[in-house]
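Everything on this sheet refers to the single structure shown next.
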Amino acid sequence: MGGFSSSCKQSLDHENLATIVVQESDMLSTPLNLKIPTEQRQDMTSEKTCLSPIIGELALAGGSLAIGFANITGYSVLSGLPSVVKLLVPKDSNMKNILLFCGQDENMANEAQSYILYSLPDLLAQSILHPLRTYLRTQSITLPLTYCSTLAILLHIPINYLLVSVLNLGIKGVALGSVWTNFNLVGSLIVYVKISGVYKKTWGGISSDCFKGWKYLLNLSIPSCISVCLEWWWYEIMILLCGLLLNPQATVASMGILIQTTSFIYIFPSSLSFGVSTRVGNELGANNPNKAKLAAIVGLSSSSVLGFSAFLFAILIRKKWAAIFTQDPEIIALTSMVLPILGLCELGNCPQTTGCGVLRGTARPKLGANINLGCFYLVGMPVAVWLSFFAGFDFKGLWLGLLAAQGSCLLTMLFTVIRTDWDFQAWRAQELTREVPVDDDDHANQDGSMKESSGLLHHDKKQKQLTCLI
């Protein structure tokens with residue numbers, strides 16, 4: 001009877017712990033779920049403006065092509081590597097030649113070059129915005145991000161109307177509107193940091209300490225950047241491949257709508273991934289491997305529900321979604337045809353995104369980069385090219401290739417997380433917080449090393465927290 005009571009008590013403890021994990025993860029991810037859609041609405045507002053009769057369908061195709069080119073060469077790096085920001089977009093005068101060399105339509109290349117030229121100041125805004133946003137997130141300061149983003153998007157709509165409709169700047173106005181909005185967001189966040197005084201807790205002024213620990217920071221941040229870039233580039237390469245299909249203008253335009261759609265869906269697993277990554281990292285840093293494992297399980301379970309919800313969303317809106325952006329029947333037909341495939345992709349994308357968060361929380365970004373490289377470029381890309389250009393699937397083939405990439409990525413990510421040795425990862429967290437380099441190959445020496453270091457570990461939970469690069 002005593003054993004039964006003990007078993008029941010242990011079960012209740014696990015249930016209570018799971019509830020706490022969900023609540024604390026929600027505290028981190030829910031404000032981001034509110035914040036990121038506001039930023040996404042900025043992109044979708046710009047996308048809809050490109051599709052309006054004022055600008056025309058060619059502008060949509062050119063704008064989509066330009067955004068894809070900018071994402072590949074600049075924005076993905078700024079998003080993936082906020083600690084080591086570089087402005088990588090080539091000179092605007094070279095962009096048209098690069099796109100023409102890749103086989104793109106000349107009219108679309110002209111529109112894309114105009115968009116990129118007027119978007120260049122946005123790189124400065126983004127290079128400030130990403131580190132600033134990460135600085136606040138790592139302190140679990142998320143609600144101000146939501147408020148500032150909401151303010152920026154509310155201003156974005158009249159700004160877009162002024163530049164596009166009143167001043168008749170066309171696609172140039174769309175680009176300038178996005179730049180203006182991002183500078184508004186940067187300015188509002190800087191004002192918040194200054195007025196609230198949050199910097200006083202973490203900034204003691206310039207000293208020699210500012211130049212320490214960069215080796216370990218780069219060892220974590222560069223693989224994280226590569227992981228983000230590899231997945232992001234795949235989507236943008238699909239836009240470039242659309243320019244080589246039978247009807248490039250319609251397929252590029254439809255791809256622009258679909259990528260905005262999948263980006264909108266992505267905000268929810270992305271926010272969950274951030275919460276899970278932070279939770280897992282903190283628990284490992286506090287030497288609680290069981291809680292870290294439970295956080296990973298709860299996160300992956302929640303992301304599976306999100307994936308199924310995204311699939312239903314794509315199925316239900318497939319006949320009406322494209323009509324929000326355009327009245328062109330060909331673009332509407334292409335978008336409606338592919339949306340169910342997009343929904344299937346999200347069944348895999350949501351859990352694998354959370355899996356990436358688990359790997360970030362365990363300070364294994366290199367593993368995530370390797371998984372993305374293998375699944376997207378060694379599985380997905382060959383399948384997409386073969387189906388689109390050789391098997392006669394055309395536009396649909398690109399998305400079937402993405403489905404193959406997401407499916408293989410999900411299976412590989414789940415296999416990796418299931419095989420994680422959480423006790424070893426907790427030990428690694430202790431070593432990383434003490435700035436002692438630890439390699440995954442040291443797993444064989446885990447037991448002896450843990451015994452040797454146990455007397456040196458601090459008992460203050462805050463000192464044991466593992467800083468996650470998100």
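Kindly put Thr326, Thr354 in sequence by how many other C-beta atoms sit within 10 Å of each C-beta, fewest to most.
Ranking Thr326, Thr354 by Cβ neighbours within 10 Å, fewest first, gives Thr326, Thr354.
Using 0.36 nm per residue of separation minus the Cα-Cα distance, give me the extension gain between Gln327 and Ser309 in nm, one decimal.
3.8 nm
If we count other beta carbons within 10 Å of each Cβ, what is the order of Asp122, Asp394, fewest first?
Asp394, Asp122
Quick one: grab the alpha carbon gyration tensor of region 163-306, order the square roots of its eigenvalues as a ≥ b ≥ c, and give me rounded if a/c is under 1.5, else prolate or oblate depending on whether a/b is larger than b/c.
oblate
When the dipole is taken about the Cα centre of region 193-284, and only Lys, Arg (+1) and Asp, Glu (-1) are charged at their Cβ, what size is it in debye, to the nearest 20?
480
Using just the alpha carbons, could you tell me how many Å³ per residue the convex hull of region 349-412 encloses?
60
Order by neighbour count: Glu283, Glu330, Glu431, fewest other Cβ atoms within 10 Å first, most last.
Starting with the residue having the fewest Cβ neighbours, the order is Glu330, Glu431, Glu283.
For Asn107 paired with Thr138, estimate the spin-label separation in nm (one decimal), with each label point 7 Å from Cα along the Cα-to-Cβ line.
4.9
Given a Förster distance of 56 angstrom, what is the FRET efficiency for Lys194 paired with Ser165, based on the Cβ-Cβ distance and rounded to 0.05?
Here the calculated transfer efficiency is 0.95.
Using a Förster distance of 22 angstrom, determine the FRET efficiency expected from the C-beta separation of Ile418 and Leu378, and round it to 0.05.
So the FRET efficiency works out to roughly 0.50.
Any chance you could run the full-extension gain for Cys210 through Val385? It's 0.36 nm times the residue separation minus the Cα-Cα distance, nm to one decimal.
Full extension of this stretch gives 58.3 nm more.
FYI, it's all coordinate maths here, none of it is from the lab. Please read all numbers here as calculations on a predicted model, not as lab measurements. We place every Cβ from the backbone using ideal geometry, glycine too, and count neighbours over all the protein chains shown.
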